[in-house]
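First up is the structure itself, then whatever we jot down about it.
Values quoted throughout were computed directly from the atomic coordinates according to the rules given, and no laboratory measurement underlies them. Model, not experiment: these values are computed from the prediction. Positions of Cβ are backbone-derived with ideal geometry, glycine not excepted, and every protein chain shown enters the neighbour counts.
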Amino acid sequence: MEDCIFCKIISGAFGTEFVYEDETAVVFKDINPKADIHLLVVPKVHVADLNECSEELIGKLMAVVKKVTVKEGIKSYRTVINTGKDAGQEVFHLHIHILSGGIK
Ligand code: AMP
Ligand code: ZN
């Protein structure tokens, strides 16, 4: 989607390094980390938020959480999905935060 920062990242516009990538999602480091490890799991398809997300896609994204944490050796972590402005969502392209260590 035009004007979506995460769509641009997915397209490679900024040369962002992906910690993990498959047919469903990319995973990259949050630019403003709120923990020692702060990753974002982002679907390749533009979906605004959890309310707009199919059960199939959220299932696949949670599977990506498991794959990337295993790959990175992250054993203890918090997952967060902010849905809507009032809940603190700033980027309206669905993403799952993975936070581990020194969570602020
Ligand atoms: P949320 O408040 O749930 O919408 O989270 C958006 C997150 O995206 C914040 O933690 C930001 O630090 C992060 N973010 C915004 N722009 C970028 C970017 N260009 N690269 C990586 N992370 C970003
Ligand atoms: Zn997008």
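General observations
- Under 12 Å, Cβ to Cβ, from Ala35 - net charge with Lys/Arg +1 and Asp/Glu -1: +2
- Dipole-positive endmost among Gly12, Leu61, Thr79 within the chain (Cβ charges, Cα centre): Thr79
- The chain - percent relative contact order, Cα under 8 Å, separation 6 or more: 33 percent
- His46/Thr83 FRET efficiency (R0 22 Å; Cβ-Cβ; nearest 0.05): 0.90
- The charge dipole of the chain, taken about the Cα centre with unit charges on the Cβ atoms of Lys, Arg (+1) and Asp, Glu (-1), comes to about 480 debye, rounded to the nearest 20.
- With the biggest extent put first, the Cα atoms of the chain measure 34, 30, 27 Å across the principal axes.
- For the chain, the list of Cys residues with no other Cys C-beta under 4.7 Å reads Cys53.
- Counted charge near Cys4, where neighbours are those whose Cβ lies closer than 15 Å (Asp, Glu -1; Lys, Arg +1): -3
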